[in-house]
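Beneath this line is the structure, given in structure tokens, with notes to follow.
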Amino acid sequence: MKKAILLIVAVFAFNASFAQDEIDEELGIIQELFGSEKREIISENIDLSGVNADAFWKLYDEYEKERQDLGTARLKLLHRYTTEQGALTNAQAQELLAAAVPLRNSEDKLILSFTKRIEKATSALVSVQFYQIEHYISDGIRFAILDNIDFIQDKK
């Protein structure tokens with residue numbers, strides 16, 4: 001897990017000059033590496049005994065596809081921020097915020113939606129474990145990224 005977080009941070013902290021096709025290729029690699037490591041974490045920490053494990057994994061795979069789409073959008077926004085970081089104009093700051101807030105809301109809605117669907121297909125305990133692990137992972141990534149980027153400053 002720590003390797004995946006460090007990989008994401010490194011790509012955007014040090015490679016801000018990539019062309020869009022290089023960014024898309026790196027995002028694909030990041031998503032693939034992160035996805036396999038994350039699936040292992042999920043399987044180690046969610047107790048699927050006594051419930052329909054196949055139903056859980058089907059929903060989890062569906063969730064991951066949607067999460068990856070949002071993750072890609074978030075990483076592209078982060079790349080945009082790291083190429084503009086430091087001094088921003090008011091217009092640039094407004095654009096970044098206008099993109100970040102709905103994205104964060106969409107991520108939260110996605111986790112909650114799948115938590116409810118997982119509960120119906122398995123149990124309340126499994127759904128709560130899923131919810132807790134998803135937030136633990138996503139918050140860990142957010143904190144790692146925030147710890148490695150500068151605060152926005154006024155353009156003089």
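The values are calculated or read from the model by the stated rules, or taken from the named source; none is laboratory data. Quantities reported herein were computed from a predicted structural model and do not represent experimental measurements. Note that we place each Cβ from the backbone using ideal geometry, even for glycine, and neighbour counts take in every protein chain shown. These area figures cover heavy atoms from the full protein model, side chains too; ligands, DNA and RNA do not enter into them. Shrake-Rupley method; radii C 1.70, N 1.55, O 1.52, S 1.80 Å.
When residues of the range 71-118 are filtered for being open to solvent by 50 Å² or more (accessible area, probe 1.4 Å), over 23 Å from ASP150 (Cα atoms) and of a type in the set (A, V, I, L, M, F, W, C), how many remain?
Count: 1.
Which numbered condition trips up LYS65, out of (1) modelled with pLDDT under 95; (2) surrounded by 12 or more Cβ atoms within 10 Å (Cβ to Cβ); (3) closer than 18 Å to ARG39 by Cβ?
Checking LYS65 against (1) modelled with pLDDT under 95; (2) surrounded by 12 or more Cβ atoms within 10 Å (Cβ to Cβ); (3) closer than 18 Å to ARG39 by Cβ, the one that fails is (2).
Scan the range 97-116 and tell me whether some residue there is touching a strand residue (DSSP E or B) at 6+ places or on another chain (Cβ under 8 Å) and more than 30 Å from LEU59 (Cβ to Cβ).
Just the residues of the range 97-116 that are touching a strand residue (DSSP E or B) at 6+ places or on another chain (Cβ under 8 Å), to begin with: none.
No, the range 97-116 contains no residue that is touching a strand residue (DSSP E or B) at 6+ places or on another chain (Cβ under 8 Å) and more than 30 Å from LEU59 (Cβ to Cβ).
Could you tell me how many of the residues in the range 113-131 are over 20 Å from PHE143 (Cβ atoms) and in contact (Cβ under 8 Å) with a residue 12 or more places away in the chain? Before you say what the answer is, go through the steps one by one.
In the first step, residues of the range 113-131 are kept if they are over 20 Å from PHE143 (Cβ atoms); the result is 113-130.
Still in the running and in contact (Cβ under 8 Å) with a residue 12 or more places away in the chain: 114-115, 117-118, 121-123, 125-130.
Result for the range 113-131: 13.
Yes or no: the range 76-97 includes at least one residue that is modelled with pLDDT under 95, outside any helix (DSSP H, G or I) and charged (D, E, K, R).
No, the range 76-97 has no match at all.
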